[in-house]
1. Could you order the peptides 128-140, 148-160 from most to least packed, using the average number of other C-beta atoms within 10 Å per residue?
2. So how far apart, in nm, are the two label points at ILE170 and SER146 if each is 7 Å from Cα heading toward Cβ?
3. Report the residues of the stretch 45-64 in range of a label on ARG93: point 7 Å along Cα→C-beta, backbone N strictly under 15 Å from it.
4. Set the Förster radius R0 to 22 Å, insert the Cβ-Cβ distance between ARG63 and LYS21 as r into 1/(1 + (r/R0)^6), and round the FRET efficiency to 0.05.
5. Going by how many other Cβ atoms sit within 10 Å of their own, how do LEU126, LEU36 line up, fewest first?
6. Would you mind getting the Kirkwood hydrodynamic radius of the stretch 1-94 from its Cα pairs, rounded to one decimal in Å?
Amino acid sequence: MPNAVEQIADQILVIDAQSGKREAFDMLVSRWQKRLWRHTLHLTGSPTAAWDISQETWLEIVRGLRRLNDPARFGAWAFRIASHKAYDWRCRRGHECPPPAEPEHAHTVVAGQAESETIRDVQDALRCLPAPARTVLNLYYVEGFSVAEIAGMLKTPEGTVKSRLHAARIEFRKHWEALVSVGPAALPASGKEWPNE
């Protein structure tokens, strides 16, 4: 979760962007683009799809920004838009588990082969989870949102978010351990055994 100074800066940028200041909107894009892309990558497993979805997300943000009543909710609102667009993308493809696809930049700062393999294994295991599981894990562990914030984004009770996090951790652990011990062949072809959101 962003620190208090970053949250205040984002709120000021949102207010300025709502009043038509182009520079403020450009700064919002520069501050949030990478996070939204990374989030949609977690949901789709495709760097190309993540790019397309994040661009569609920004188009929707442009259309709806003036209607956002609480500037402090910008991050949750943007992530909700991106999540819905990623779910739509998955629906058009029959909810299949995307094949492992590595972002081009994933290994540029990784030191050592073992660390690279661990990152690859984690990413492969995440891709085999259904979208709702990937969403809560990404929002909680990668993006640092609280359970309450995630509940607001997903429009579900906090107890439901906690249950999803618990179930997602168990399922992730199962896939990751299978990958580490046996290799990618141990992973299921798709995440269809999970209920869709």
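Here, each number is a calculation from the coordinates, and none is a lab measurement. As the structure is a computational prediction, the values presented were derived from the model and not from experiment. Neighbour counts are summed over all protein chains in view; Cβ atoms, including those assigned to glycine, are modelled from backbone coordinates with ideal geometry.
1. Details: 128-140: 23.2, 148-160: 15.8.
Ranked from most to least packed, the peptides come out as 128-140, 148-160.
2. 2.7
3. Output list for this probe position: 45-54.
4. Working: r = 17 Å, r/R0 = 0.78.
Taking R0 as 22 Å, the efficiency between ARG63 and LYS21 is 0.80.
5. Numbers: LEU126 22, LEU36 25.
So the ranking, lowest neighbour count to highest, is LEU126, LEU36.
6. Working: mean 1/r = 0.0739 Å⁻¹.
Value: 13.5 Å, from the Cα pair sum.
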